[in-house]
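Please read the structure below before turning to the comments.
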2 protein chains.
Amino acid sequence: MINGISIEEYLRQKGVNPSYQRIRILECLVNSKSHPSAEDVYKELIKEIPTLSKTTVYNTLELFADKGLVLTLSIDGNQTRYDGNTLEHGHFICESCNRVYDFLVDTDALTCEGLDGFVIKEKHFYLRGICSSCV
Amino acid sequence: MINGISIEEYLRQKGVNPSYQRIRILECLVNSKSHPSAEDVYKELIKEIPTLSKTTVYNTLELFADKGLVLTLSIDGNQTRYDGNTLEHGHFICESCNRVYDFLVDTDALTCEGLDGFVIKEKHFYLRGICSSCV
DNA sequence: TATAACTTTGTAATCATTACAATTTTAAAC
DNA sequence: GTTTAAAATTGTAATGATTACAAAGTTATA
């Protein structure tokens, strides 16, 4: 369930054919708060879908990102992470445990100088440091 | 030259022994506005320093990042880029040409909710879209 | 049922980055 | 100015995330 509709319906609304694998992968992302990598998603789902291929996970995540179903986070350095929450928010990555946290932020409050004629498609605000669990 | 002092002196001030390779690598970053990757730096310098090793470039860039001489940009997805400008500013990456542009922004204007007890070490604000050259 | 389009799968590449050990350079002690 | 130890550099070999690609499976439609 997301915004009151099923994952399946949500996929259709975004123009993605809701195959079994796609439903399960999106479900995984929407229910997770850990901003998983493709590998993480694969490890989670292979338990219940033994035939799942890692390639399917990569392809599907790329498809979701293209269709605006998930956000791609270039924050970890060595692996891409994905976020099922597409509402604007910031990210905090802990240098110690590598966990990624969400936080509320309104980047519309920022003024940017020097971008005349540039088309902005995505905004990303992220912080790096030590989380409260690791301090 | 940076802030009126030589690259060599700048390295010393930051507690880094100014070897020939380190001077040349930092010089490369400070003079560049292209936010080069380790590979880019290597390709640029190998022309003049035929004995240079790619490992040296990687190690040196990591050292510089640790010592606060350069910023590490996780913006490109498939490679880490480095910025010799450590003053706060935002980055814009063009989805078409992959160039990274700087722009002025003051992230102190932002209020972040949900980070009580978190230690913030770095702030990053970046945008993704199409640059004015590619529009 | 036949056919084409779409999905998934597995294996084999690719490519950035890191590990590691050997060599070279630098600086300090004698 | 040697000797010696520490620091820096180098090259090769791994690692690990991601992508390419082709085969096999599935679905929808004519």
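Just to confirm a number: summing +1 for Lys and Arg and -1 for Asp and Glu over residues other than A:PHE103 whose beta-carbon lies under 14 angstrom from that of A:PHE103, what do you get? Write out the running numbers ahead of the final one.
Numbers: positive: A:LYS33, A:ARG99, A:ARG128, B:LYS123; negative: A:ASP83, A:GLU88, A:ASP102, A:ASP106, B:GLU113, B:ASP116.
Here the count lands on -2.
Report the label-to-label distance for B:LYS47 and A:GLU39 in nanometres (one decimal), using points 7 Å from each Cα along the Cα→Cβ vector.
Going by the 7 Å Cα→Cβ label model, 3.7 nm.
Tell me whether region A:7-75 comes out rounded, prolate or oblate; compute the Cα gyration tensor, take square roots of the eigenvalues as a ≥ b ≥ c, and use a/c under 1.5 as the rounded threshold.
Taking the square roots of the gyration eigenvalues as a ≥ b ≥ c, region A:7-75 is oblate.
Can you give the angle from 0 to 90° between the axis of helix A:54-67 and the longest principal axis of chain A, with both taken from C-alpha atoms, to the nearest 10?
50
Please return the longest range in chain B lying between exposed loop sites, taking GluC sites (Glu not before Pro), DSSP loop only, at most 16 other beta-carbon atoms within 10 Å, and leaving the sites out.
The longest uninterrupted stretch comes out as B:1-47.
Please give me the summed charge of the neighbours of A:SER74: other residues whose Cβ is under 11 Å from its Cβ, Lys and Arg +1, Asp and Glu -1.
That works out to 0.
What angle, in degrees between 0 and 90 and rounded to the nearest 10, separates the Cα long axis of helix A:20-31 from the longest principal axis of the Cα atoms of chain A?
Long axis of A:20-31 versus the principal axis of chain A: about 40 degrees.
Is region B:9-135 rounded, prolate or oblate when judged by the Cα gyration tensor, a ≥ b ≥ c being the square roots of its eigenvalues, rounded requiring a/c under 1.5 and prolate requiring a/b larger than b/c?
Because a/c hits 1.5 or more and a/b fails to exceed b/c, region B:9-135 counts as oblate.
Please arrange B:LEU69, B:LEU45 by how many other C-beta atoms lie within 10 Å of their C-beta, fewest to most.
B:LEU45, B:LEU69
Taking loop as defined by DSSP and a crowding limit of 13 other beta carbons within 10 Å, which trypsin sites (Lys or Arg not before Pro) in region A:32-131 fit?
The qualifying sites are A:LYS33, A:LYS47.
Given axes a ≥ b ≥ c from the Cα gyration tensor, I'd like to know whether the protein assembly as shown is rounded (a/c under 1.5), prolate (a/b larger than b/c) or oblate.
It comes out prolate by the Cα gyration axes.
When the Cα centres of region A:38-65 and region A:85-114 are compared, how far apart do they sit, in Å?
First find each Cα centre; the distance between them is then 26 Å.
None of the figures in this text is laboratory data; all of them are computed from the coordinates on show. In this text, all values refer to a predicted model and were calculated from it rather than measured experimentally. Glycine also receives a Cβ, built like all others from the backbone with ideal geometry; neighbour counts cover every protein chain displayed.
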